[in-house]
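Read the structure below first, then the notes.
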Amino acid sequence: MLKKTSLALGGAALFLAWNGLLLLFLWSRPGSPPSPRHPENPEGSRLLPAQLLQLAQDAEAELRLQRELLLQIQRLSRRPRTPKPPRAPSAAAEPPVIPVLVLACDRSSVRRCLDKILRYRPSARRFPVIVSQDCGHAETARVIASYGPAVAHIRQPDLSDIAVPPEHRKFQGYYKISRHYRWALGQVFRTFRYRAAIVVEDDLEVAPDFFEYFQAVLPLLQGDPSLWCISAWNDNGKEAMVDAGRAELLYRTDFFPGLGWLLLAELWDELEPKWPPAFWDDWMRQPEQRRGRSCVRPEVSRTMTFGRKGVSHGQFFDQYLKFIKLNDRFVPFTQLDLSYLKKDEYERFFLQQVYSAPEVKIEELQKDAGRDLGPVRLQYRGRDSFKALAKALGLMDDLKSGVPRAGYRGIVSFVCRGRRVFLAPPSDWTGYDPSWS
């Protein structure tokens, strides 16, 4: 539009300039000179009007020509322009770089973790591996160094003991872990300035589609403020309790799972100033940190832990963790539509699915079996009711700030005897009660 206006104004200026010059020429042009012998020559007097008449006719013709030119310029300026076709992009958008931060200490078995990460990662440039080592354990350091430039090896500089309350002396290890996490995440987001990172520990083994999963769900995390993490872990992911044939299933959960998780730099900006001295994962599960947000977790875990020995002294390992099913087939998550995980859409279909399922008693569930019987719902009405049902079904029954493991709006989805089951509160659920913990 600006170009059209400029063209019209330019034409008008040209028109005015031409006519100004023409008038100047007419006024300044002398008449026929008088005869020197006959200064009052009547023939010369008769020639002057004729010449003026000719000049006037010429000027009129020129003015008509200029007027027609100006009209053409105006018509051209009003004519709609044919839009140019959009240019094809010169190259596809570059996928984001997501580093994998491996927290290590004194396990030389970190090799098992690193071997699988390096085996399955699709690109060294897009998924750089950073191993952050605490403890100063020499053998573990040698294992990490053996990978050469395939991994970046950084070392937590402060290996000193931490002053802890007397009643927490046996928890010194948890304080050191929290200190290490803070330092390592600070390196990733402050020193290296990455915008997102996947965090794993040295006792985790990853699935073949581990990177595919995180790459696909990252845009959802970036665009949905009701999410604050993506986890590769299902707390109730024992082989008998998941549908391995539906490995593409993903869920929202209000429980922070950890054990292979993705966070954004913006979340670290929020958490770093108040990072706790110990028990960082349970601290993440508190309402003050979660702030009503959820994580995404899979039906079938994309990590498994092989670290029975550690600061937790094998807590939960023999009963739950060693039975977690690690996904063994590749799911092309980047080719799937994951928009169903957005909060409003997810709640519409998930809650309808849960509360339209027939309610059964646990005795009926344990008696019947079969995949073709359809999903059912077990209802609990309080803390004790939940824990009793969870224990009877083999679920993890502990609650953190009132939130059950893998739960969303209090609902835990799992498989029992080949049947989909929703362990759920009443449909008028109003929120978590931290006193349940």
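Side notes on the structure shown:
- Checking residue 306 against (1) at pLDDT 95 or above; (2) open to solvent by less than 60 Å² (accessible area, probe 1.4 Å); (3) not acidic (Asp, Glu), the condition it does not meet: (1)
- Checked against the criterion of being modelled with pLDDT of 95 or more and surrounded by 13 or more Cβ atoms within 10 Å (Cβ to Cβ), the candidates 365, 389 yield just one match: 389.
- Positions within the range 406-431 being out of contact with any strand residue (DSSP E or B) (no Cβ under 7 Å at 6 or more places or on another chain), within 19 Å of residue 344 (Cα to Cα) and of a type in the set (A, V, I, L, M, F, W, C), in sequence order: 429
- Odd one out for residue 348, checked against (1) part of a helix (DSSP H, G or I); (2) modelled with pLDDT under 95: (2)
- Residues of the range 351-362 that turn out to be open to solvent by less than 40 Å² (accessible area, probe 1.4 Å) and in a loop (DSSP other than H, G, I, E, B), as a count: 2
- The residues in the range 267-285 that are in a helix (DSSP H, G or I), surrounded by fewer than 17 Cβ atoms within 10 Å (Cβ to Cβ) and not charged (D, E, K, R) can be counted, and the count is 1.
Conditions tested, residue by residue: (1) assigned to a loop (DSSP other than H, G, I, E, B); (2) loosely packed, with under 15 Cβ neighbours inside 10 Å; (3) in contact (Cβ under 8 Å) with a residue 24 or more places away in the chain.
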site: 94; (1), (2), (3): yes, yes, no
site: 101; (1), (2), (3): no, no, yes
site: 106; (1), (2), (3): yes, no, yes
site: 131; (1), (2), (3): no, no, yes
site: 135; (1), (2), (3): yes, no, yes
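- Residue in the range 73-93 that is in contact with a helix residue (DSSP H, G or I) (Cβ under 9 Å, 6 or more places away or on another chain) and at pLDDT 60 or above present: no
- Within the range 317-345, residues that are part of a helix (DSSP H, G or I) and modelled with pLDDT of 95 or more have Cβ atoms under 7 Å from residues that are basic (Lys, Arg) and surrounded by 14 or more Cβ atoms within 10 Å (Cβ to Cβ) in these pairs: 341/252, counting only partners at least 6 apart in sequence or on another chain.
Conditions tested, residue by residue: (1) assigned to a helix (DSSP H, G or I); (2) under 19 Å from residue 233 (Cα atoms); (3) basic (Lys, Arg); (4) touching a residue at least 12 places away in the same chain (Cβ under 8 Å).
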site: 378; (1), (2), (3), (4): no, no, no, yes
site: 381; (1), (2), (3), (4): no, no, yes, yes
site: 385; (1), (2), (3), (4): yes, no, no, no
site: 390; (1), (2), (3), (4): yes, yes, no, yes
site: 397; (1), (2), (3), (4): no, yes, no, no
site: 412; (1), (2), (3), (4): no, yes, no, yes
site: 415; (1), (2), (3), (4): no, yes, no, yes
site: 428; (1), (2), (3), (4): no, no, no, no
site: 431; (1), (2), (3), (4): no, no, no, no
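- Filter result for the condition that a residue is open to solvent by 30 Å² or more (accessible area, probe 1.4 Å) and more than 30 Å from residue 288 (Cβ to Cβ), over 337, 384: 337
- When 124, 150, 145, 138 are screened for being more than 24 Å from residue 275 (Cβ to Cβ), touching a Leu at 6+ places or on another chain (Cβ under 7 Å) and small (Gly, Ala, Ser), only 150 passes.
- Residues (surrounded by fewer than 21 Cβ atoms within 10 Å (Cβ to Cβ) and either outside the structural domain of residue 289 (by the TED database) or under 17 Å from residue 200 (Cα atoms) (or both)) located in the range 216-231: 218
Rundown of residues vs (1) over 28 Å from residue 334 (Cβ atoms); (2) touching a Ser or Thr at 6+ places or on another chain (Cβ under 7 Å), yes/no style:
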{"site": "155", "(1), (2)": "yes, no"}
{"site": "188", "(1), (2)": "no, no"}
{"site": "191", "(1), (2)": "yes, no"}
{"site": "213", "(1), (2)": "no, no"}
{"site": "216", "(1), (2)": "no, yes"}
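The values are calculated or read from the model by the stated rules, or taken from the named source; none is laboratory data. The shown structure was predicted, so the numbers you read here are calculated from the model rather than taken from an experiment. Please note: Cβ atoms are built from the backbone with ideal geometry, for glycine as well, and neighbour counts cover all protein chains shown. Note: accessible area is taken over every heavy atom of the protein model, side chains too, but ligands, DNA and RNA are not part of it. Shrake-Rupley method; radii C 1.70, N 1.55, O 1.52, S 1.80 Å.
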